Structures are given as C-alpha cells and as structure tokens.
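As structure tokens, the structure follows; a few thoughts come after it.
The values are calculated or read from the model by the stated rules, or taken from the named source; none is laboratory data. What you see is a predicted model; the values in this text were computed from it and never measured. Every residue, glycine among them, receives a Cβ derived from its backbone with ideal geometry; neighbour counts consider all protein chains shown.
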Amino acid sequence: MPDFKTEHAVNIPVPGSWEKEDRKKESQIGSGTYRVKILLPSSEKKTYGILFSNIITSADFFINGEKEYSFNSTSTGSAALPQKRGEHFFFFESEESTVDLVIHVSNQENPFFGGLTGTLKFGEYKTILKERNLSFFLQSFVIAVYSLHFLYVLVIYFAQKKTKT
C-alpha cells in the first residue's frame with residue numbers, strides 16, 4: 001500500500017463532496033484517502049464484495065494493505081486518459097475477523113465534485129450480485145417503458161397524419 005501523507009489529514013463526513021470541506025479552493029481537483037475498519041461476523045473464509053457508483057474520477061481500493069481493485073488512473077495528469085464511468089463492483093476473499101478498507105480517490109477531471117459523493121455497499125458476494133442485478137433489471141425496465149411510450153406516440157402521430165389526408 002502506498003504511503004499516504006497524513007500531516008494534513010482532516011476528518012470529513014462521508015458520503016459528501018470535498019467542496020464542503022475546503023472553502024479556500026475554487027476547484028475540487030486533488031486526491032484524498034478514506035479508511036474504515038469493518039468488523040465481520042465470523043473469521044471463516046468468505047467472499048465479500050463492494051459495489052459503488054459514486055466516485056467521480058478514479059480510485060484504488062486496498063483490502064488489508066493489498067491493492068484489490070483500481071479504476072481509471074489516480075496519478076496526477078491523468079485527465080487525458082480514457083475514463084470508465086458508471087457502476088463498479090469487485091470481490092475479494094477474507095478469513096480475518098476485520099477488514100481494513102482504504103480507498104485512495106483522485107479527482108483530476110471534475111472541478112465541481114470530488115471524493116466519495118455517495119455510499120458504498122459492502123456485503124457477501126451473493127448480496128452484492130443481487131443488488132447489482134436488481135439495479136440492472138430496473139434500468140432495463142425503465143428503458144423498455146420509455147421505448148413503448150415512444151412507439152405509442154409514433155403510432156398516434158402517423159395515425160392522425162393519415163386521417164387528416
């Protein structure tokens with residue numbers, strides 16, 4: 001795990017954007033590190049997952065000191081690189097009774113929002129997959145409903161146009 005500087009550490013409420021914490025800055029470009037210790041119900045080996053969609057630019061996830069997941073580049077000057085957007089999830093195994101989760105977030109692109117702007121979902125892999133699948137199903141359902149409305153409007157438009165001629 002990289003050695004993060006702590007001399008300027010500030011406790012901030014999560015979830016929330018950095019904009020509320022540093023009023024001297026006009027831009028939210030920068031980076032930050034979040035750390036949380038998660039107490040697990042048992043110390044038997046299980047597969048856990050994390051689901052999130054609210055980190056604006058990039059992040060590295062460390063579980064018990066090991067880098068488990070990364071999306072986009074957290075290095076400075078990475079704004080020109082292609083960016084992944086949307087929902088992300090990953091899985092890891094643990095047989096410990098606690099998980100030390102460290103998230104290094106970098107924002108080199110969006111001048112308005114930075115940091116964890118929403119909640120992360122942590123749980124056993126089956127629960128995370130159910131949550132992800134439910135989200136995907138609901139989005140697909142909404143797209144289908146809007147598509148049917150669009151087709152209905154087209155049918156009415158052409159039916160009215162035909163009756164007027």
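Checking the condition more than 22 Å from TYR34 (Cβ to Cβ), assigned to a helix (DSSP H, G or I) and at pLDDT below 90, which residue from LYS161, LYS126 passes? Exactly one residue qualifies, and that residue is LYS161. For the stretch 97-123, a tally of residues being at pLDDT 85 or above, surrounded by 14 or more Cβ atoms within 10 Å (Cβ to Cβ) and outside any strand (DSSP E or B) returns 0.
Taking each residue of the stretch 133-146 that is assigned to a helix (DSSP H, G or I) and looking for partners that are modelled with pLDDT under 95 and surrounded by 10 or more Cβ atoms within 10 Å (Cβ to Cβ) with beta-carbon atoms closer than 7 Å, six or more apart or interchain, yields SER135/GLU87. Does SER70 qualify as being at negative phi and at pLDDT below 85? It is false that SER70 is at negative phi and at pLDDT below 85.
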